[in-house]
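Working notes, beginning with the structure itself.
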Amino acid sequence: MVEKGRISAFQMGRMIYLAITPTAILTTPAITFKFAKQDMWISPIWAFCGLITLYAVFRLHAIYPGRNIVQACEAVIGRLPGKLLGALFLLYYLYLIGIILREYGEFVVGSFLFTTPLIVVSGSMVLVCAIAVRGGVEIVGRFAELLLPAFVTLFLFIIIPIIPDLRVPNMFPIMANGITPSLAGAFVLQTWFSELISASFLLPLVADQKKAKTSVLIALLMIVLTLVVANLATLMLLGDITGGYTYPFLILARYINLAEFFTHLEAIFMAIWVLGAFVKICVFFYVTVLGAAQWMNLSDYRPIVFPIGLLVTLSSMWVAPDLQKLTFSISTSVTFSAMTMFVIVPMLLLCLAWVQKRWRGTAAKG
Amino acid sequence: MKWTAVLGIAALLALMAAYEWPKTKGKKEKTAFAAIAVLGGLLASWLVFYPETPGPTQCLDALYKPLVKMIENLTQERSG
Amino acid sequence: MGNGKKLMKRLLRSVRQKSANADPQGQDPNPPTELSANLDENVRMIQSIYEDCSDVIFHDFFIGGQTRAVLVYIEGLTHIEEVDRHVLAPLQQHFALEPELPNIRKAIAVSSIKELKSTTDIVEQLSGGNPILFVEGEKQGLSVGLPMWEKRAIEEPSAESVLRGPREGFIESLRSNTALLRRKIKSPNLKIKAMNIGVYSGTKIAVAYIEGIAAPALVEEMMSRLRRIDIDGVLESVYIEELIEDNPTSPFPQLLSTERPDVASAYLLEGHVVVLVDGTPSVLVAPVTFISLLQSPEDYYERYVVGTAIRWLRYLFFGISLLGPSFYVAVITYHQEMIPTPLLLTMAKSREQVPFPALVEALLMESMFEALREAGARLPKQIGTAVSIVGALVIGQAAIAAGIVSAPMVMVVAITGIASFMAPRFTVGIAIRLLRFPMMLLAGFLGFLGLILGIIVILNHLLSLRSFGVPYMSPLAPFKSRDLRDVLARAPRWMLNTRPHLTGKWNPYRQAPGQRPGPAKGDEGG
């Protein structure tokens, strides 16, 4: 086994939560609003892709225990096509992590460190993540365990003080045009939900397997809950102008006003949000590195961490020329490609695997 | 200016190698490291000179163009 | 004791090698280490081993007026009055029996007498302060247990004083220290294993643990690591600490050192292992977690509400000592909008004449402060503290007046300095003090982002650290909810039913549950 470390189901749940939520609460409210208007808070509930992906992940793991999806590829469709598909998978992961890193960088530079070059911000994050990933899955798991309470506290710290300022009428009319608007808004969110495929890479590393399923499902529930609350708060505070901001949640943070004295504390919001983004990038980075190491049949993934880090940084610079194009791509082609790679492909694999099992079963009997 | 960037990239690769090379055991691992590092270096140098190279996003955009158009139409209806 | 003999042999080997080089013809490369019946030969052997050692005294006398005997001892290590009274007096004056060892033993009124056959044994006993008796015609020497040397009185350790609680501290003598531990833990399950480390110093080491509470694997691991040590001399417990810790490159200590017997006993009762080193009052405790380095016995000697409050204060100031100057630099340089407006105006005014950017200012002041603190440590106690404080204030004021630094900066540095004194263990305090500087640099270049990245890197290091197999950040990182009640707060005594889980199987219960006190029932009337 390339990775000798083990994580607990509890840690895995936390890792999954932090692997999805940070960037989700940052950029999705605006995009969801564009499609769903006042029904945007219902959108996160339509977490179809999440459930489908998880189903595929768990079933595949049941058929091929101890293997993640890249390894299962080879078993299902044969060595050469499996390797090709696996490579495609990993390249897509590289692409996705580039997008995530770019989102992160644009946010930090655009809202806080205006004069710092983007590559410095992205590069420093990659460096720090590389150091953590080199320590192994246990380190990343412990980071997730440790930082989750901080992240959640921050989240509550932003939401709770603004409760007096929320205007509930912004929510109405609920479902004026049926469920179509909220479904349309949920469309973009499917990208984030299909990122749950990362669970496939973490599942073989969990020590107490029986609790893993519950843990991940709870994580999914928490993700949905967090997004609903975030969307609801944004909607009720900003109303119609939600779509005008790239980062509505930041506006919420700006509202913090303690005794008219401590204002503009959004820098602290940024600092703690970065902790969440760090875990997310670590998880994706780790998955990419582990997948690559297994694909190349290496005995250890540690040597390739830094080179892949370089590729990740480059990917983040390359994926889009500027923020607008980035946001546009995220709301459109990225969703499609993510759904293809993370939902359709796993389901196809699962079907094939299931058919194969049946076929082998009947052949053995016959 | 561009050449300094390339030098910087080379320096970065050298640093990585200095740190990792003695630690990695096994021919396979060393080749993997070298391959990816060199690939990264080449890609980085390329992007220094030709930053406008269409990236994977553009490729995927082109791939999914028809679907994207469909979504755009839907959005027009919405905000209209 | 076997370990001691081995080390004595090596010591002798090195001594012999030296004299062999000096006089290649005179010395037999393998002199017999067994004693002979001839008194003069024995004496000559010992004299040649202790050549040029003027503090080794050879005292010739006659037993019962007839048999020759020699008493060898090291001046300063032996209780000479007792020797005169209980060894020389009975032997010289009243001895009427045959001068054989059993009779001599009966005559000497000392409780600890050993018979020795070889020179290695003799050297070991002599260096322990026990006089050796050689008798004409006897093949064995007698070692008489009468060591005595100057010892410090038991006093409170200066670095770990408490308001309420025992004022005893360990001293330099190993036996006194083990006795202090025995006084606290009277159960025979307190095992104290002895060994010698150090080729030339032959330092006695004792490993203490409570059988049934400490995990056997831990004790075994500690013993094996100690046995591996091959060093010239052990002068302080830190020599051993540096040779047995898991990660020598980390600035954070992985063994706790304390001078208080009550702290050591508390750790023994929780299943840790304590290493005592002869010649130093600092004992080592292993394994240790990051959180235990932030705890002080003071927390447990006050009531739990007070203890909890002080603990929180300490955590807060711990954070300040690490992040204080960095936070200030980040806010001033990048996030000025965070400062409340009235404060912002005064700060801007005070920073007007300062030519340096905030980062340079901070580095300057912090280095100055560290220098003052180190300098203050060298001065005698009374002058030292005064000079440090007055020096800091005066220099700070002068610097402000000269326009080199701004007043808020001095404030920040002062608060950070005070905060760093709150760390109960010096080793953690100094680690944090050092880490402050890279954090300042990061904050100066990347603002809050730099701060967070710095914290992540430090956390990364802490999370991967282990102390004798125990993850350094437990019970926070491998999340152990039951142990958290003593970490996040100071749980009341009646809630501390379980021992903290270190490694492997452990003995969970340390007190009967459900002992919350309350007024006696039926106490209502009159």
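Quote the relative contact order of the range C:311-471 in percent (integer), defining contacts as alpha-carbon pairs under 8 Å separated by 6+ residues.
41 percent
What FRET efficiency comes out for the pair C:ASN103/C:LEU269, r = Cβ-Cβ distance, R0 = 56 Å, nearest 0.05?
Efficiency computed from Cβ-Cβ geometry: 0.70.
Label 7 Å along Cα→Cβ of C:PHE356; the range C:386-402 residues with amide nitrogen under 15 Å?
C:395-402
I'd like the chymotrypsin sites (Phe, Trp or Tyr not before Pro) in the range A:54-157 restricted to DSSP loop residues with at most 11 other Cβ atoms within 10 Å, sorted by number.
A:PHE114
In whole percent, and with a 1.4 Å probe on the protein chains, what portion of the accessible area of the range C:311-471 is carbon and sulfur?
Of the solvent-accessible surface of the range C:311-471, carbon and sulfur hold 78 percent.
Please check chain B for the longest run free of trypsin sites (Lys or Arg not before Pro) that are loop-located per DSSP (anything but H, G, I, E, B) and have at most 16 other Cβ atoms within 10 Å.
B:26-80
Looking at C:THR427, C:LEU488, C:MET195, which one has the Cα that reaches farthest to the positive end of the dipole of the protein assembly as shown (charges on Cβ: Lys, Arg +1; Asp, Glu -1)?
Farthest towards the positive end: C:LEU488.
As an exercise, use a Förster radius of 25 Å and the Cβ-Cβ distance of C:LEU235 and C:SER54 to find the FRET efficiency, rounded to the nearest 0.05.
Efficiency, from the Cβ-Cβ distance: 0.60.
For the range C:368-384, just list the computed ³J(HN,Hα) in residue order, Karplus coefficients 6.51, -1.76 and 1.60, θ = phi - 60°, integers in Hz, with x standing in for Gly and Pro.
Values per residue, Gly and Pro as x: 4, 5, 4, 4, 4, 5, 5, 4, x, 5, 7, 6, x, 3, 5, 6, x Hz.
Return the calculated 222 nm mean residue ellipticity for chain C, to the nearest 500 deg cm²/dmol, obtained by summing -39500 (n - 2.57) across DSSP H runs with n ≥ 4 and dividing by the residue count.
-15000 deg cm²/dmol
In terms of the Cα gyration tensor, with a ≥ b ≥ c the square roots of its eigenvalues, is chain C rounded because a/c is under 1.5, prolate because a/b exceeds b/c, or oblate?
Note, shape of chain C comes out prolate.
What distance in nm separates the two pseudo spin-label positions at C:LYS191 and A:TYR245, each 7 Å out from Cα along the beta-carbon direction?
It works out to 6.5 nm between the two label points.
For the range C:158-288, what is the charge dipole size about the Cα centre, in debye to the nearest 20, if Lys and Arg each add +1 at the Cβ and Asp and Glu each add -1 at the Cβ?
In total the dipole reaches around 660 debye.
Roughly how big is the C-A contact, given as buried accessible area in Å² (both sides, 1.4 Å probe, nearest 100)?
Summed over both sides, the interface buries about 2500 Å².
Hey, what do the phi angles of the range A:314-331 turn into as Karplus ³J(HN,Hα) couplings, whole Hz, using 6.51/-1.76/1.60 and θ = phi - 60°, x for Gly and Pro?
Listing the rounded values in order: 4, 4, 5, 6, 8, 5, 8, x, 7, 5, 4, 4, 4, 4, 4, 4, 4, 6 Hz.
Suppose R0 equals 35 Å. What FRET efficiency, 1/(1 + (r/R0)^6) with r the Cβ-Cβ distance, do C:ALA89 and C:ARG167 give to the nearest 0.05?
0.30
Say the cut-off is 19 Å between C-alpha atoms; which of A:LYS325/B:LYS65; A:LYS83/A:LYS280; A:LYS325/B:LYS69; A:LYS83/B:LYS28 go over it?
A:LYS83/A:LYS280
Assigning unit charges at the beta carbon (Lys, Arg +1; Asp, Glu -1) and nothing else, what dipole magnitude in debye, to the nearest 20, does chain A show about its Cα centre?
Roughly 1420 debye, rounded to the nearest 20.
Lys pairs in the range C:106-210, Cα-Cα under 14 Å, at least 8 apart or on separate chains: how many?
Lysine pairs, 8 or more places apart or on different chains, close enough: 4.
Could you give me the ³J(HN,Hα) list for the range C:493-499, computed from phi with Karplus coefficients 6.51, -1.76, 1.60 and θ = phi - 60°, whole Hz, x at Gly and Pro?
With coefficients 6.51, -1.76 and 1.60, one gets 3, 6, 9, 8, 7, 10, 7 Hz.
Which net charge results for the neighbourhood of B:ILE36, defined as the other residues with beta-carbon distances under 12 angstrom from its beta-carbon, given Lys and Arg at +1 and Asp and Glu at -1?
That works out to -1.
Shape call for the protein assembly as shown from the C-alpha gyration tensor, a ≥ b ≥ c root eigenvalues: rounded (a/c under 1.5), prolate (a/b greater than b/c) or oblate?
In terms of gyration-tensor shape, prolate.
State, to one decimal in nm, how far the label point of C:PHE437 lies from the label point of A:ILE163, with both points 7 Å from Cα in the Cβ direction.
Result: 4.8 nm between the two label points.
Over the whole of A:293-302, what's the average partner chain Cβ count within 10 Å per residue? Rounded to a whole number, please.
The mean count of partner-chain Cβ atoms within 10 Å per residue comes to 4.
Where the only charges are on Cβ atoms (+1 Lys, Arg; -1 Asp, Glu), what is the dipole of the protein assembly as shown about its Cα centre, to the nearest 20 debye?
The dipole magnitude comes to about 3420 debye.
Short version: which residues of the range A:119-143 lose at least 40 Å² of accessible area, all chains versus chain alone, 1.4 Å probe?
A:VAL128, A:ARG134, A:ILE139, A:ARG142, A:PHE143
Ignoring chymotrypsin sites (Phe, Trp or Tyr not before Pro) that are buried or in helix or strand per DSSP, and keeping those with at most 14 other beta carbon atoms within 10 Å, what is the longest stretch of chain C between them?
My reading of the result: C:201-526 is the longest stretch.
For the range C:311-471, what class follows from the C-alpha gyration tensor (a ≥ b ≥ c being the square roots of its eigenvalues): rounded when a/c is under 1.5, otherwise prolate if a/b is larger than b/c, else oblate?
Taking the square roots of the gyration eigenvalues as a ≥ b ≥ c, the range C:311-471 is oblate.
List the residues whose amide H sits under 5 Å from the amide H of C:VAL405, counting only those 5 or more places along or on another chain, with H placed 1.01 Å from N in the peptide plane.
It is C:ILE400, by chain and number.
For chain B, what is the mean residue ellipticity at 222 nm derived from helices alone (per DSSP H run of n ≥ 4: -39500 (n - 2.57); sum divided by total residues; nearest 500 deg cm²/dmol)?
-27000 deg cm²/dmol
In nm, to one decimal, how far is the A:LEU323 label point from the C:ARG228 one, both placed 7 Å along Cα→Cβ?
Taking the two extended label points, one gets 5.4 nm.
For chain C, which span is the longest to avoid every loop-located (per DSSP) member of trypsin sites (Lys or Arg not before Pro) having at most 16 other Cβ atoms inside 10 Å?
Counting only loop sites that pass the neighbour cut-off, the longest clear stretch is C:304-479.
Got the relative contact order for chain C handy, in percent, Cα pairs under 8 Å and 6 or more residues apart?
Relative contact order of chain C: 12 percent.
Under a 5 Å amide H to amide H cut-off, with H placed in plane at 1.01 Å, what residues pair with C:ARG68 once short-range neighbours are removed?
For C:ARG68, whose amide H was placed from the backbone, the distant partners under 5 Å are C:ILE63, C:GLU136.
With a 1.4 Å probe and all protein chains left in place, how much accessible area per residue does the range C:398-489 have, in Å²?
Accessible area per residue, the range C:398-489: 35 Å².
Below 8 Å between Cα atoms, with a sequence gap of 6+, how large is the relative contact order for chain A in percent?
41 percent
If you filter the range A:168-253 for chymotrypsin sites (Phe, Trp or Tyr not before Pro), then keep DSSP loop positions with at most 13 other Cβ within 10 Å, what is left?
Passing both the DSSP loop test and the Cβ count: no residue.
At 0.36 nm per residue, minus the direct Cα-Cα distance, what do A:PHE172 and A:LEU348 gain on full extension? Give it in nm, one decimal, please.
Full extension from A:PHE172 to A:LEU348 adds 59.3 nm.
Check A:VAL206: other-chain or 5+ apart residues with amide H under 5 Å from its amide H, H built from backbone geometry?
A:ILE7
Restricting attention to the range C:58-144, which GluC sites (Glu not before Pro) occupy a DSSP loop and are surrounded by at most 13 other Cβ atoms within 10 Å?
Here the sparse-neighbourhood loop sites are C:GLU75, C:GLU100.
The values are calculated or read from the model by the stated rules, or taken from the named source; none is laboratory data. What you see is a predicted model, and the numbers here were worked out from it, not measured in a lab. Neighbour counts are summed over all protein chains in view; Cβ atoms, including those assigned to glycine, are modelled from backbone coordinates with ideal geometry. Remember, those area values only see protein heavy atoms, side chains included, never the ligands or the DNA or RNA. Shrake-Rupley method; radii C 1.70, N 1.55, O 1.52, S 1.80 Å.
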